[in-house]
Amino acid sequence: MTTVDNPPIRAGAGREGDTVDVPDPRRWRALALLCGAFFMVILDATIVLVALPSIQKHLGFSVRDLQWVLSAYALTYGGLLLLGGRAADLLGRRRLFMAGVLLFTAASLMCGLAGSPAALLTARVVQGVGAATMTPSALSIISTTFPEGPERNKALGIWGALGGIGATAAWLIGGPLVDGPGWRWIFFINIPFGLAALALSPRLLRDSRATVTRRSYDPAGGLTITGALVLLVYAMVEAPSVGWGDVQTILVLAGSCVLIAAFALIESRQHAPLLPLRILRSRTLVGANVVMLLIGTVAVSMPFVLTLYAQDVLGYSAAKFGVGSVVLALGVTIGAIVGQGVVVMVGVRPLATTGMALMAAGSLLLTQVSVGGSYFGDIFFGLLVFGPGVGFAFVTATVAALGGVAEHESGLASGLNNTAFQIGAALGVAIATTVAVTSSKDYLAAHVGANHLVVLNEGFRSAFLALAVLAGIGLALALLLLGSRRKAPQQRIEAVPVPVQNH
């Protein structure tokens, strides 16, 4: 397959035959639009954490099933991310971006109007599909709108910085919304942003697509790996109730394994696979993504458990929890900024292990939470240590993943890295939920008639301990896998001339 992006507008200059690139004059306004859409995705992923106890109360979720509010979105988003990027390249980046925005906005309305757990989870799945379509399309548009060099680096830097800003804003906005008009408004606020993006996209975004000799989307690959992950998470969530040795658990896990094997077979035979298996020969790339999966496992699960502890055990309002948790978002942002400069000097292994160690230490501090706890006595210092660790580890795993492949495969590596984080998030929330529910049941069985808050607290303490163990595993894997950098075998790509098009 041969792919070439539509080049920037060119104009004649100087000597005969010379050409100079004329950057799109709308590019910075286009960047603002694309970043606004990405901000909406980040905000929606984080703001839900603040609202979980309210959603649980009003829609009747069990503690075991509540994690699907996060996992339904993360699994769909992560599982279809590579497919969304492929579709954008082949069908048109602006077209797919607008389709993703429309789907995400409509799903946000569905979430806000949901009257049952099933309705909300269905809408969250649709939101994940919209995000998986919108995000890679937006990144591709940035890459084709800004010329390679300082301008593109600046644009991508602004895009990346929105991660920390979006998380911080989510804590501050989510609490007052939940305590004020209600949890449904954490979804309704997406609607005006989405409608504005749809209205402005035809005016500000230049359409482009890859020129290929043969179109290949590989939907079978995207669907099989997503299905495998859904079955794996479902088995882990249901196992405490039905038993790990129960026929249901065994059959669901077996189904997940079969789909994973099918995915590998499909990718090995596909003309243009979503995930070329040869790229997995890079030890650095594989190591970076395994570590990123563990980062997602711990980084998303810890706030999930913490919001339930703070609101259900300590009785915090959503607004109080949101303000108190800003220290986490700020810590992640500061860690990421510092990590970007330090990783060049010390290398990926030392910074990644430091980050995972801080995440483990922060989780261990939170194992001391108590029924009569306080913010500074039980929560603050755990967040203070945990946040920078996430920033260090995340930046390092991203740098390692992109440094282990050829330049023409950087988009694939970036998508795979994001996919690993989203899959880790879903698995981590499932693990934390399973541990918390099991521990609470065991404690209640051993202490019949125990106070309900004490039972809940024991489950949350066990979940924090499990997350500390997972962070420790991530630390060990960083030590083992993020050593010498070795590139994956490169595949030569022949360029095909593409007529210049003005959009």
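The values are calculated or read from the model by the stated rules, or taken from the named source; none is laboratory data. Computed from a predicted model, the values in this text were never measured in an experiment. Here the Cβ positions follow ideal geometry from the backbone for every residue, glycine too, while neighbour counts run over all protein chains shown.
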If you go through the range 167-190 one residue at a time, do you hit one that is surrounded by fewer than 22 Cβ atoms within 10 Å (Cβ to Cβ), outside the structural domain of V332 (by TED's automatic domain parsing), touching a residue at least 60 places away in the same chain (Cβ under 8 Å) and farther than 30 Å from F321 by Cα? no
Filter the range 83-114 for residues that are at pLDDT 95 or above and not in a helix (DSSP H, G or I) and give the result. A114
Criterion: crowded, with 24+ Cβ neighbours inside 10 Å, aliphatic (A, V, I, L, M) and assigned by TED's automatic domain parsing to the domain that holds S325 - qualifying residue of V286, V291, V313: V291
Closer than 21 Å to L453 by Cβ and either in contact (Cβ under 8 Å) with a residue 40 or more places away in the chain or assigned by TED's automatic domain parsing to the domain that holds M356 (or both) - does that describe any residue in the range 323-335? yes
So is D246 of a type in the set (D, E) and either touching a residue at least 40 places away in the same chain (Cβ under 8 Å) or in the same structural domain as L416 (by TED's automatic domain parsing) (or both) or not? no
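Okay, residues lined up against (1) in contact with a helix residue (DSSP H, G or I) (Cβ under 8 Å, 6 or more places away or on another chain); (2) at pLDDT below 95; (3) among the acidic types (D, E):
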site: G174; (1), (2), (3): yes, yes, no
site: R184; (1), (2), (3): yes, no, no
site: D207; (1), (2), (3): yes, yes, yes
site: P219; (1), (2), (3): yes, yes, no
site: I225; (1), (2), (3): yes, yes, no
Within the range 265-274, considering residues that are part of a helix (DSSP H, G or I) and surrounded by 14 or more Cβ atoms within 10 Å (Cβ to Cβ), the one nearest to the chain's Cα centre (by Cα): E267
Among the residues of the range 378-412, the number that are surrounded by 23 or more Cβ atoms within 10 Å (Cβ to Cβ), modelled with pLDDT under 85 and not β-branched (V, I, T) is 3
Looking at the range 56-82 only, could you name the residues that are surrounded by fewer than 23 Cβ atoms within 10 Å (Cβ to Cβ) and part of a helix (DSSP H, G or I)? Q56, K57, H58, L59, V63, R64, D65, L66, A72
Among residues belonging to the range 233-263 that are surrounded by 14 or more Cβ atoms within 10 Å (Cβ to Cβ) and of a type in the set (G, A, S), point out the one that is farthest from G221 (Cα to Cα). S241
